[in-house]
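What follows is a short report on a single structure.
Since every read-out is calculated from the coordinates, none of them should be taken as a lab result. This structure is a prediction, so every number in the text was calculated from the model and none was measured. Using ideal geometry, Cβ is built from the backbone for each residue, glycine included, and neighbour counts are taken over all protein chains shown.
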Amino acid sequence: MTGNKKSNRFVGRLTPAQIAQGMNCANSNAKRLLNDAELLCENGRFASAVGLGVLAIEEAGKEAMLRTLALAESANELNEAWRDYRTHTSKNRLFAVPFLNAHGTMGLEDLKPLFKGSEYPQSIEDLKQRSLYSDCLGGDRWSSPNEAICEEMAKGVIAAARAVIKNKTQVTEKEVELWLQHMAPVKDKDWELKKAALKNWFADLVRLGLLKGNADDYARFVDGKKRWLN
């Protein structure tokens, strides 16, 4: 094997078609990882199930990262977007969504803390590390994945992964084009303008048959009056 794999990583701008292809690739892989995690859990391999379950959530999180990348304009914005795309803790924030919904989270406003100073990303990264690697804790205590991870933990991670992955559908080039049309003009604007643009994006997706459901329900989610429809 020759060459440095990281040196081949692309860091430039992508077309809407390429963005859609990347989203579909990530979502397909997320479903594969989830299926493998379920098989491992069913066969008592709880530590490995947790590791793959977290990886599945991270893959699903790439869709959001690619939406940000699609809006990047300057070289610095592109570099930052690609860095987030390839950073584990940037993508595993989705892990918290099912639990926040279960405890009364309603809409988009309630999810904002996940993206500012949240402890969730590092906590989930730590869980993944414990599920895959042995380590020395406290100088005299060794941690083994088989001892650190139990069946309940594995089932919890898999349930969270199912919640964020189960309704993933094929993303089209048109969907990404509409995203750019609505969100690019408000990228650097205040939160209220971004919310208005997001509602219009959802409305266009529903109108064109690219998204199931009622546009009013998505608008209510954006306004914090309804939980995410998934």
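Amide H contacts under 5 Å for Val171: Asn24, restricted to partners 5 or more places along the chain or on a different chain, H placed in the peptide plane at 1.01 Å from N. Neighbour counting of Cβ atoms within 10 Å sorts the residues Glu77, Glu38, Glu192, fewest neighbours leading, into Glu192, Glu77, Glu38.
Candidates Ala219, Ala154, Leu193 compared by Cα position along the dipole of the stretch 131-230: farthest toward the positive end lies Ala219, with charges placed on Cβ. The order of Asp188, Asp140, Asp84, Asp216, going from fewest to most other C-beta atoms within 10 Å of their C-beta, is Asp140, Asp188, Asp216, Asp84. Taking amide H as placed 1.01 Å from N in the peptide plane, Ser143 has its amide H under 5 Å from the amide H of Asp135, Cys136, Leu137, each at least 5 places away in sequence or on another chain.
Backbone phi angles across the stretch 11-21, fed through the Karplus curve with coefficients 6.51, -1.76 and 1.60 (θ = phi - 60°), yield HN-Hα couplings of 9, x, 7, 10, 7, x, 5, 5, 4, 4, 4 Hz in residue order; Gly and Pro are listed as x. Backbone geometry of the stretch 188-203 corresponds, through the Karplus equation with coefficients 6.51, -1.76 and 1.60 at θ = phi - 60°, to 3J(HN,Hα) couplings of 10, 8, 6, 4, 5, 5, 5, 5, 5, 5, 5, 4, 5, 5, 4, 4 Hz, x marking Gly and Pro. For the pairs Lys62/Lys195; Lys168/Lys225; Lys31/Lys128, flag any whose C-alpha to C-alpha distance is greater than 25 Å. From the list (Lys62/Lys195; Lys168/Lys225; Lys31/Lys128), the Cα-Cα distance tops 25 Å for no pair. Neighbour counts of C-beta atoms inside 10 Å place Tyr133, Tyr218 in the sequence Tyr133, Tyr218, starting with the fewest.
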